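Here is the structure we will look at.
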Amino acid sequence: MSAARDRRLHRLFAMLAKEFTHMLRDRLTLGMMVGIPVLQLILFGYAINTDPRHLPTALFAPQSGPHVRAIVSALENTRYFRITRRIGDAHEIERAFRRGEIVFAVTIPADFERRLVHDGRAQILVEADATDPVAVSGAIAALPELARRAATGLRSEQGRALAAARPAPAVDVVVHRRYNPEALTELNIVPALIGVVLTMTMVIITALAVTRERERGTMEALLATPLTPFEIMVGKTLPYILVGAVQTVAILVAARELFGVIVTGSPLALVAALAVFMLANLLVGYSFSTLARNQVQAVQMSFFFFLPSLLLSGFMFPFHGMPRWAQTLGEVFPLTHFVRIVRSVLLKGGGLADIAPEIGAIALFLVAAALLALARFRRTLD
């Protein structure tokens, strides 16, 4: 019995040694096994924050004065609002919202000081970009505290400048949730889902393109044709543009029929953004297909790209809640810019001028991915 048990243990240890040897030789897979958990730990531990502070805020205050300054001070003391720009035209607020440059806009009317002095009560308007309800919920919840702090500040101002017998002034904060007044989660998720689906499918499909040819042994036949590397790359990526277009139309139809989400902005702008975005993801997948030695590695590399793209894009978690390094990294991924684009066009009525900077960022990524894909494919041929 003892000899038989020793033989079984010996065979088992031999099998374990063989598997560990294979695992150590496949360095790419080993790197993914270690890298993906580490990436998840870093992103979920340090980058994800569902209660963002210091949100970019525009201030529209035609007139200044001690009471206006007290309001601005109370705003910034809540730590939810960060005055990033002072707007001199009410129409500029609309443009800033469509471009995603601000999350809040605070309007202090021109007669604010006069109303406080004569009536003891005045209003300010706080407009919120509610396309992402989670991002603004904490700041909106802090507005009653803002009114209290403002009243405290105004009371001290009154004590210095006005008669002490006057009643303490009060500030009414009127909140206007723009684009998603009922804070419906589906209005935030469904439009951005287009970008998530396209990223996942476009990258994985093309990541398998060259590796599949190599595994099936048809790569040599492809190389024997008079096609240039650029023509092969175009031929392998462009057909999937049609696949992406069908997916997009299906999601848009479902969004309209099931959730009431319609395209309120320019359809032409959306089509232009879709074309650039899909091509960028296709070229990323094509680059992976030239790096991977088999289809399993290609899928692993696609997942390694997809995970940070998803978590840092603002699709699931507020982009402004992330630390600066995570925002900088997120700006690299096309999905981050496409999420802003699709929310602007579908929910805010954005046009081509509003989303041009985001399209430009994706185009830069596209050029870099194309150069990498071509360089890697030429090296593969060598």
Packing-ranked peptide list from 3-15, 179-191, 255-267, highest mean Cβ count within 10 angstrom first, is 179-191, 255-267, 3-15
Around Ala183, with a cut-off of 13 angstrom between Cβ atoms, what is the net charge of the other residues, counting Lys and Arg +1 and Asp and Glu -1?
-> -2
Per residue, how big is the convex hull around the C-alpha atoms of the stretch 1-53? Give it to me in cubic angstrom, could you?
-> 95
222 nm [θ] for the chain, helices only, -39500 (n - 2.57) per DSSP H run of 4+, per residue, to 500?
-> -22500 deg cm²/dmol
The local net charge around Leu270, scoring Lys/Arg +1 and Asp/Glu -1 for residues other than Leu270 whose Cβ lies under 14 Å from its Cβ, equals +3
Bin width 10 Å, alpha-carbon pairs only: give the P(r) of the stretch 287-345 as whole percents, running from 0 to the bin holding the largest distance.
-> 23, 42, 26, 10, 0
What list of ³J(HN,Hα) couplings, whole Hz, do you get for the stretch 12-24 from phi and the Karplus terms 6.51, -1.76, 1.60, once you set θ to phi - 60° and write x for glycine and proline?
-> 5, 5, 4, 5, 5, 4, 4, 5, 5, 5, 4, 5, 6
Over the stretch 1-109, one equal point on each Cα, no solvent: what is log10 I(q)/I(0) by the Debye formula at q = 0.10, 0.13, 0.22 Å⁻¹?
-> -0.56, -0.71, -1.12
HN-Hα couplings for the stretch 191-200 via Karplus (6.51, -1.76, 1.60; θ = phi - 60°), in whole Hz with x for Gly/Pro, come out as x, 5, 4, 4, x, 5, 5, 5, 4, 5
Given labels modelled 7 Å from the Cα in the Cβ direction, how far is it in nm from Leu258 to Arg11?
-> 5.1
Return, for the Cα atoms of the stretch 323-382, the radius of gyration and Dmax in Å, separated by a comma.
-> 15.1, 50
Average accessible surface area per residue within the chain, 1.4 Å rolling probe, Å² = 49
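Per 0.36 nm of contour for each residue apart, how much would the distance between Ser2 and Val197 grow if the chain were fully extended, relative to their Cα-Cα spacing?
Details: separation 195, 0.36 × 195 = 70.20 nm, distance 5.72 nm.
64.5 nm is the gain from fully extending Ser2 to Val197.
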Packing-based order for 209-217, 279-287, 239-247, using average beta carbon neighbours within 10 Å, highest first = 279-287, 209-217, 239-247
For the stretch 225-369, max minus min Cα coordinate along each principal axis, in Å, sorted largest first?
-> 48, 35, 29
Can you give the alpha-carbon Rg of the chain over 2.2 N^0.38 Å, where N counts its residues?
-> 1.31
Sorted largest first, the Cα spans of the stretch 222-287 on the principal axes come out in Å as 52, 20, 17
Given R₀ = 25 Å, FRET efficiency for Val243-Ala363 by Cβ-Cβ distance, to 0.05?
-> 0.70
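As an exercise, use a Förster radius of 25 Å and the Cβ-Cβ distance of His54 and Leu372 to find the FRET efficiency, rounded to the nearest 0.05.
According to the calculation, E is roughly 0.10.
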Carbon + sulfur, % of accessible area of the chain - ligands and nucleic acids excluded, 1.4 Å = 63
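The values are calculated or read from the model by the stated rules, or taken from the named source; none is laboratory data. As the structure is a prediction and not an experimental result, all values here were calculated from the model. Every residue, glycine among them, receives a Cβ derived from its backbone with ideal geometry; neighbour counts consider all protein chains shown. Side chains included, ligands, DNA and RNA excluded: accessible areas come from the protein's heavy atoms. Shrake-Rupley method; radii C 1.70, N 1.55, O 1.52, S 1.80 Å.
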